[in-house]
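The structure appears right after this line, and notes come after that.
Only the coordinates and a few stated rules stand behind these numbers; no lab work does. Please read all numbers here as calculations on a predicted model, not as lab measurements. Cβ placement follows ideal geometry from the backbone for every residue including glycine, while neighbour counts extend to all protein chains displayed.
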Amino acid sequence: MQSTDKKILTIQDLSCVGQCSLTVALPILSAYGYETCVLPTAVLSNHTMFKKWSYLDLTSEVENIYSVWKENGFAFEVFLLGYLGKQSLMQLAERAFDEFSAEGRLIIIDPVFADNGKLYGGFDMEYVKAMAHLIRRADIIVPNVTEACFLTGTEYKTEYGREYVEGLLDALSKLTGATAVVTGVELGGMIGEAIRRDGKTEYVIGEKLPGCRHGTGDIFASVFTAEYLSSNSLTAAAGAASAFVQDCLRQTPESHFYGTVFEKILRAQRR
Ligand code: PXL
């Protein structure tokens, strides 16, 4: 099977405005040539970094969707999880792994609940605990440093060295056998990923651009997934995804405060 013959199911929210979750994953994975199926966990007016948002939880509809999927016999080779929003959806995600997996399936989980040392609006430690349980089902996890700290009960720091990062990776590997790709690792004025697979650590570190923008984690996870499926190399996929995010940040004007402009970079790749 060619990598682009793999069918991806991405499970995350649909934020109508804000360039995150499904409105990022769907165009990116599709542009890379993957048939991308979606399971929306919730519909929000916009993401939760705006002052206000509406929220429609889709837990009950997911049950309906699953029963029809069963009848239609659907199965997916790849699962990419992002923002789930509620613990009930974690249980439903586990059911999707059990009921709709094709042979050789791969599970990539981006825990999506915190950044910059803080939980996103609407999350609490119960959710974090449940996510620490869910990630044991993953093949690859892509938490940022804040999420890795919450998941492992490690103190969040803004200044640290490799020892601290190694400690985080050790703690993650006690929670899950998954390969860990920790994003937003800052070392010596640079930024990138720390990757732990089978006890070995690798770093993919590059230039740190000024400012920080919403949605970069979702862009990273989508590009990383697509690149990993085609290259089978964690470091190549992390490097390509970081470079993509950096290109997006360079295209994002100061005035575009609520998200990251990724569309122009996707379009440029087509030329
Ligand atoms: O980008 C992560 C994300 C996804 N979905 C929703 C969010 C956030 C981050 O705040 O609010 C709804």
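Summary table below
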quantity: Condition broken by Cys248, with the remaining ones in (1) crowded, with 23+ Cβ neighbours inside 10 Å; (2) in a loop (DSSP other than H, G, I, E, B) satisfied; calculated: (2)
quantity: Residue under evaluation Leu92, criteria (1) away from the ligand (no atom under 16 Å from the Cβ); (2) over 17 Å from Leu134 (Cβ atoms); (3) not basic (Lys, Arg), criterion not met; calculated: (2)
quantity: Scan of the range 156-180 for residues that are among the β-branched types (Val, Ile, Thr) and either assigned to a helix (DSSP H, G or I) or exposed (fewer than 15 other Cβ atoms within 10 Å of the Cβ) (or both), ordered by number; calculated: Thr158, Val165
quantity: Among the residues listed as Val142, Val112, Val182, Val128, the single one being of a type in the set (A, V, I, L, M, F, W, C) and at positive phi; calculated: Val112
quantity: In the range 112-126, residue farthest from Lys157 (Cα to Cα) [restricted to those that are near the ligand (Cβ under 9 Å from one of its atoms) and touching a residue at least 40 places away in the same chain (Cβ under 8 Å)]; calculated: Gly122
quantity: Matching option when the condition is within 16 Å of the ligand (Cβ to nearest atom) and either free of Cβ contacts under 8 Å to residues at least 24 places away in the same chain or in contact with a Ser or Thr (Cβ under 8 Å, 6 or more places away or on another chain) (or both), among Gly82, Gly73; calculated: Gly82
quantity: Residue in the range 140-154 that is exposed (fewer than 15 other Cβ atoms within 10 Å of the Cβ), within 21 Å of Tyr203 (Cα to Cα) and touching a helix residue (DSSP H, G or I) at 6+ places or on another chain (Cβ under 8 Å) present; calculated: no
quantity: Index of the failed condition, Ile219 passing every other in (1) at negative phi; (2) away from the ligand (no atom under 16 Å from the Cβ); calculated: (2)
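One line per residue, one yes/no per condition, for (1) assigned to a helix (DSSP H, G or I); (2) surrounded by fewer than 22 Cβ atoms within 10 Å (Cβ to Cβ); (3) within 11 Å of the ligand (Cβ to nearest atom):
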| position | (1), (2), (3) |
| --- | --- |
| Cys20 | no, no, yes |
| Gly33 | no, yes, no |
| Trp53 | no, yes, yes |
| Leu56 | no, yes, no |
